[in-house]
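Shown next, in structure tokens, is the structure this report addresses.
The values are calculated or read from the model by the stated rules, or taken from the named source; none is laboratory data. The model shown is predicted, which means the values in this text are computed figures rather than measured ones. Cβ placement follows ideal geometry from the backbone for every residue including glycine, while neighbour counts extend to all protein chains displayed.
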Amino acid sequence: MPNVAWKVILPLCALLLCGCAATMADYETDSAITARLPAEESQSIDVPKRFFDDILPKRFQHEGIGIINTQEQFSAFWELYTRDATALPPSIDFRSSVLLFVYDPVYYNLVRFKGLNVWKGIANPFVERTKWKLSIEGDPNLLRIRKAAGEKIPEPKVNVALLQIPRNLPGRPGVTAILVDAEGSVIPVPSEP
């Protein structure tokens, strides 16, 4: 992953957010959208799925979408990534922002954020992904060949898209929750790490 300075993509002056009391009927009208922005700073990397299964608390994720809320969580994420790559971690101020992520929890697919709509503090991410049907564990035939040859079996990985978004702070509006499914379920974004 290129070492780029990640920026908060939501212009803070454009957000006029009012909390987290949403209904899906209100959210679905175009006139209710507070901000509709592209996700130009989205990055995508391969990370062992173990981070999401064993390390990141379940309250911060739902079926392949969620947030990394603290520097400690991000350090664990980055350590797993850099086992197979050499890169310095991007600078992220977790006091004022969180890291939104998405990946395909069933198959290995390339993912990226296309944009983000925000309504009264609730962010609805738009995601683009390939339609591959590749197993996260890898090709079973190739795994069998590697095992027979005594080679190391790689850890199951997922392609993860990352996007830095602002927290809702006093005097500076930001995102209060992430919409994670069509039923209106959300993951609250804490006001502090």
Search the stretch 96-120 for residues being modelled with pLDDT under 90 and out of contact with any strand residue (DSSP E or B) (no Cβ under 6 Å at 6 or more places or on another chain), and hand back the single one that is farthest from Thr176 (Cα to Cα).
-> Trp119
Scan of the stretch 161-193 for residues that are farther than 17 Å from Ile92 by Cα and among the β-branched types (Val, Ile, Thr), ordered by number = Thr176, Ile178, Val180, Val186, Ile187
From (1) under 20 Å from the mean Cα position of the chain (by Cα); (2) without any contact (Cβ under 8 Å) to a residue 40 or more places away in the chain, pick out the condition that doesn't hold for Ala149.
-> (1)
Tally of residues being under 22 Å from Arg50 (Cα atoms) and of a type in the set (Asp, Glu) across the stretch 87-131 | 1
Scanning the stretch 54-111 residue by residue, those β-branched (Val, Ile, Thr) and within 24 Å of Pro166 (Cα to Cα) turn out to be Ile55, Ile65, Ile67, Ile68, Thr70, Ile92, Val98, Val102, Val111
